[in-house]
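No lab work stands behind these numbers, since they all come straight from the coordinates. Bear in mind the structure is a predicted one, so any value in this text is a computation, not a measurement. Positions of Cβ are generated from backbone atoms using ideal geometry, with glycine treated the same way; all protein chains shown enter the neighbour counts.
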Amino acid sequence: MASPPPEAGLTDYERLREENIRRNDAILASLRRKAADLSASLRPTPSCPKRAKKEPPPRTAPASPVVLRRSLRTRGLPPSDSSAADAASPASPPSPPMPRTTRFSSSLASALRSAAADASPSAPEGEIREADGFDAGRDLMLRPADVRRVVPERILSVRVLPLADRTVVVAGNKVGHIGFWDVDGIVEDGDSADGVFEYFPHRGPVGAIVAHPATPRKIYSCSYEGEICLMDVEKEIFNMIQLCDYPVFSLCQAPNSPSCLYFGEGNGELKLFDERAGKVSTTWNLHDNRINSIDFHLENPYIFATSSTDRTACMWDMRSMKKKGPESLKVFEHDRSVQSAYFSPSSSMLATTSLDDTVRVFNVDNFDDSYIIKHYNQTGRWLSTFKAIWSWNSTDIFIGNMKRAIDVISVDRNESGVSASSKACLESEHMTAIPCRFSLHPYKVGHLACASSGGKVFLWTRA
């Protein structure tokens, strides 16, 4: 195309400037017309009826399951340091990479493969007797070697795997990573120098991690993106077994049924996924808001408890539940969101944690018999919420403290009723962050894992 004739009295620079001004004016005029048309189309008219609320669109599964090993050694970092990449992690996870052919340390993989043969659905009798005489305030301590940064970013879920002769801690963070810390692992050539292996199976925060004592090799996890994954230990990959329309915040397995996975969604529904059928078999509408925890009665597997953001915790009997409008055995009302509701090891009591700054203990045999303990639970938006858990016995409860400590609450149940009081505060110079989420080793009394919002796990053991 031929250039337009030069304008009289203008230099080349001035002519170019005039052309740029005209072009920009034309672009702005076009944008104004489009904005006016869009505004007119969006402006409501009196005759337009109110639109019904749409259901969330179906979620699409990622292209492939992701296996991503990221130990400190492979990143060229010493075990005690956090990586620069961790500090610069984006707010949302990047697009998942293609699977890599990586493996656990051979000793850990061997332990997980052989775990099913040695698994027992209940703790050995000797462990139960040992728990009776356990005193958390006196017996627990934190050693410098028992601190690891397992994942970058904030940890939302932590689980000690049910392995009788080994301690393996699994943690999930807010951007979809899951880290394995093989506490007892033997360092071998090519394996992680710090015993930590990291994977990236989810696209959103990891809400829960579970493994049944009868099948410890089957490690389930869920995310706020509606994903439920099952880890294949042999192939070291995470297979997505369910993709939901709503976020999944909680997972649980009944004591007598490792093939059934119960999960709570953000719309207040509880669903039963039957692994044998490979699909959701039953759905119950239990709450008006998200279900934050699910826990089963250890002696009666038909009884379970849920907690919800709708300010209630409830007990249910599976035998009398209907799909539409099931009736609860008891509703425990709180002033604010209830973050957890867990049965004691004897299943005689239920402890709830609420954002109304309370920990409440209820007598399962007499719902009117309860006790309220005041406890500051305002963790804010940057920390994971507190969820109090029971000790190995039914006399102690562990919960995080905003002063980088663990509060131990002593519970007593006698003829006069349930009572509770502050028993001890576990502090250590090595606990450099606020412990928010906890998990007990089911077979090793005195192994308590607590996770922080900085990605670290602190493993308290017996002195």
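Values computed for the structure shown
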| read-out | value |
| --- | --- |
| Prolate/oblate/rounded call for the stretch 84-462, Cα gyration tensor, a/c under 1.5 rounded | rounded |
| Pairs from Lys324/Lys387; Lys271/Lys322; Lys387/Lys456; Lys271/Lys456; Lys271/Lys323; Lys218/Lys330 whose Cα-Cα separation, in the structure shown, is over 21 Å | Lys324/Lys387; Lys271/Lys456; Lys218/Lys330 |
| Relative exposure of Leu243, Leu142, judged by other C-beta atoms within 10 Å (fewest first) | Leu243, Leu142 |
| At most 13 other Cβ within 10 Å, DSSP loop - trypsin sites (Lys or Arg not before Pro), the stretch 175-256 | Lys235 |
| Proxy reagent accessibility, fewest Cβ within 10 Å first, across Tyr262, Tyr224 | Tyr224, Tyr262 |
| Footprinting exposure proxy for Ile155, Ile372 (fewest neighbouring C-beta atoms within 10 Å first) | Ile372, Ile155 |
| Loop-located trypsin sites (Lys or Arg not before Pro) in the stretch 273-351, at most 10 other Cβ atoms within 10 Å (DSSP) | Arg276, Lys322, Lys323, Lys324 |
| Amide H contacts of His297 (H built 1.01 Å from N, under 5 Å, at least 5 apart or other chain) | Ile303, Phe304, Ala305 |
| Shape call, the stretch 304-377: gyration tensor on alpha carbons, a/c limit 1.5 | oblate |
| GluC sites (Glu not before Pro) restricted to the stretch 298-342 and DSSP loop, no more than 13 other C-beta within 10 Å | Glu299, Glu327 |
| Separation of the Glu429 and Asp25 label points, Cα + 7 Å toward Cβ, nm | 7.4 |
